[in-house]
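Asker: Below are the structure tokens for one structure; questions will follow.
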Amino acid sequence: MAIELASQPEAWERAAGLAGLHARLPERGARVAVVGCGTSWFIAQSYAWLREQGGHGETDVFAASEAPLGRDYDAVVALTRSGTTSEVLRLVGRLRERGARGRVIGVIGDPESPLVGLVDDALTLPFADERSVVQTRFATTALALFRASLGEDLGPAIADARTALAEDLDSDLVGAEQYSFLGTGWSYGLAQEAALKMREASQSWTESYPSMEYRHGPIAIAAPGRVTWQFGEAPEGLAADVAATGARFEHAGLDPMAELVRAQRVALARAAAKGLDPDHPRSLTRSVILEG
């Protein structure tokens, strides 16, 4: 995890330069569904928001197990690191059985996976694939690919990621009792991913919410020794509301993908402090493969 986490700026640069892959993602104006499981579902949420709000076309997002099969899309984008996740394979298979008219595009880490042969177009990112069960590099590199395909300049995000990797970790931040991750727009998906990383790698107590929703009940958990961590722009007055509880309001102001790198580093440091192995977290495997 440490090696893969630290390689993200270079992986993002590489993804940003893959113009051939950018062109194979859904074109402007297409009606699109994006699907994934776990981490990939959260990254799909960020891509869907950026695509639709950027004027590229209506974009829905679903956990693969919950995706409706009867809707008519110009393209379905299936995001998966392993290409072996049961729910994604089943969904793609059912789309084929029903004769769905839209293209099925796979964004996949492992070019040898079974999903490669099932989709109309396989966009493989083997340089971003990982050995650790806990995802870091593949997820953010896939989002870098998506953002670049929408015309974004990733230079500032890459610079912020290098800043996030170079900073000294604050012992109070690493040693907090509890974390609530918040985001707005596309950064909400990354806030959810940050909470998942902390749970997977270090068995920590984490939650995640849309920033404005945090005041509607969840702020009750804020207290001294706990952290409310904002991804992206913070709503007006939120920092003061959190400070009044005695909790720490964490907001470095970096690009939200770089903020995720900071959270990944904290998760790794907490795992090390607890004597845990984040490459093999309890009850988890690299891919969820269901029987039957």
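Where a number appears in this text, it was derived from the coordinates with a stated rule and is not lab data. Source: prediction; values computed, not measured. Cβ coordinates were reconstructed from backbone atoms using ideal geometry, including for glycine residues, and neighbour counts include every protein chain displayed.
Asker: Between Glu167 and Arg24, what is the spin-label point distance in nm, taking each point 7 Å from the Cα along the Cα→C-beta axis?
Answerer: 3.6
Asker: Kindly put Thr80, Thr245, Thr39 in sequence by how many other C-beta atoms sit within 10 Å of each C-beta, fewest to most.
Answerer: Values: Thr80 28, Thr245 16, Thr39 24.
Fewest-to-most ranking of Thr80, Thr245, Thr39: Thr245, Thr39, Thr80.
Asker: Can you give the relative contact order of region 155-274 as a percent, counting alpha carbon pairs under 8 Å and 6+ residues apart?
Answerer: Here the relative contact order equals 35 percent.
Asker: Further question on the same structure: Could you calculate the FRET efficiency of Arg71 with Arg131 from 1/(1 + (r/R0)^6), where r is the beta carbon distance between them and R0 is 41 Å, rounded to 0.05?
Answerer: On the way: r = 36 Å, r/R0 = 0.89.
Computed FRET efficiency for Arg71 and Arg131 comes out at 0.65.
Asker: Here's another thing I want to ask about it. With only Lys, Arg, Asp and Glu charged, each at its Cβ (+1 for the first two, -1 for the last two), find how big the charge dipole of region 168-232 is about the Cα centre; round to the nearest 20 debye.
Answerer: Roughly 200 debye, rounded to the nearest 20.
Asker: To the nearest 20 Debye, how big is the dipole of the chain about its Cα centre, given +1 on the beta carbon of each Lys and Arg and -1 on that of each Asp and Glu?
Answerer: 600
Asker: If I model a spin label at Gln203 and Ala273 as a point 7 Å from the Cα along the Cα→Cβ vector, what separation in nanometres do I get?
Answerer: So the label points at Gln203 and Ala273 sit 1.6 nm apart.
Asker: Can you tell me which of Pro256, Pro210, Pro156 moves the most in a GNM of the chain? Springs connect C-alpha atoms under 10 Å apart.
Answerer: Pro156
Asker: Further question on the same structure: With just the Cα atoms of the chain, tell me how far they stretch along each of the three principal axes, in Å, largest first.
Answerer: Sorted from largest, the Cα extents of the chain read 56, 39, 37 Å.
Asker: Hey, for a label at Ala223 modelled as a point 7 Å past Cα toward Cβ, could you say which residues of region 238-277 have their backbone N under 14 Å away?
Answerer: Residues passing the 14 Å test: 245-248.
Asker: Here is a further query. Looking at the P(r) of region 1-49, how many percent of alpha-carbon pairs lie beyond 14 Å?
Answerer: 68
Asker: Going toward the positive end of the dipole of region 44-198, with +1 on Lys and Arg Cβ and -1 on Asp and Glu Cβ, which of Val119, Val134, His56 do you reach last?
Answerer: Working it through, the farthest residue towards the positive pole turns out to be Val119.
Asker: Also, quick follow-up: Picking from Asp255, Asp120, Asp129, which is most flexible by a Gaussian network model of the chain using Cα springs under 10 Å?
Answerer: Asp120
Asker: Could you tell me the calculated FRET efficiency between Gln53 and Asp120, based on Cβ-Cβ distance and R0 = 41 angstrom, to the nearest 0.05?
Answerer: Calculated transfer efficiency: 0.95.
Asker: Can you give the calculated 222 nm mean residue ellipticity of the chain, where each DSSP H run of n ≥ 4 adds -39,500 (n - 2.57) and the sum is split over every residue, rounded to the nearest 500 deg cm²/dmol?
Answerer: -11500 deg cm²/dmol
Asker: Roughly speaking, what is the centre-to-centre gap between region 245-264 and region 79-117 when only Cα atoms are used, to the nearest Å?
Answerer: 33
Asker: Which whole-Hz couplings ³J(HN,Hα) result when phi for each residue of region 123-136 is put into the Karplus expression 6.51 cos²θ - 1.76 cosθ + 1.60, θ = phi - 60°, listed in order with x for Gly and Pro?
Answerer: Each residue's phi maps through the Karplus curve to give 9, 9, 10, x, 5, 9, 4, 9, 9, 5, 5, 6, 6, 9 Hz.
Asker: Among Ser171, Ser46, rank each residue by its count of other Cβ atoms within 10 Å, from fewest to most, as a rough exposure measure.
Answerer: Ascending Cβ contact count within 10 Å gives the list Ser171, Ser46.
Asker: Would you kindly state how much longer the chain becomes between Glu152 and Arg31 on full extension, computed as 0.36 nm times their sequence separation minus their alpha carbon distance, in nm to one decimal?
Answerer: Here the answer is 41.5 nm.
Asker: GNM, the chain, Cα, under 10 Å: largest mean-square fluctuation among Arg90, Arg137, Arg199?
Answerer: Checking each option, the largest mean-square fluctuation is seen for Arg90.
Asker: Here's another thing I want to ask about it. State, as an integer percentage, the relative contact order of region 2-149 based on alpha-carbon contacts under 8 Å between residues 6 or more apart.
Answerer: Averaging sequence separation for qualifying contacts and normalising by length gives 29 percent for region 2-149.
Asker: Determine the shape class of region 155-274: with a ≥ b ≥ c the square roots of the Cα gyration tensor eigenvalues, call it rounded for a/c under 1.5, and otherwise prolate if a/b is greater than b/c, oblate otherwise.
Answerer: oblate
Asker: Given R₀ = 22 Å, what would the calculated FRET efficiency be for Arg282 paired with Ala2, taking r from the Cβ atoms and rounding to 0.05? Mind showing how you got there, number by number?
Answerer: Working: r = 19 Å, r/R0 = 0.87.
With a Förster radius of 22 Å, E is 0.70.
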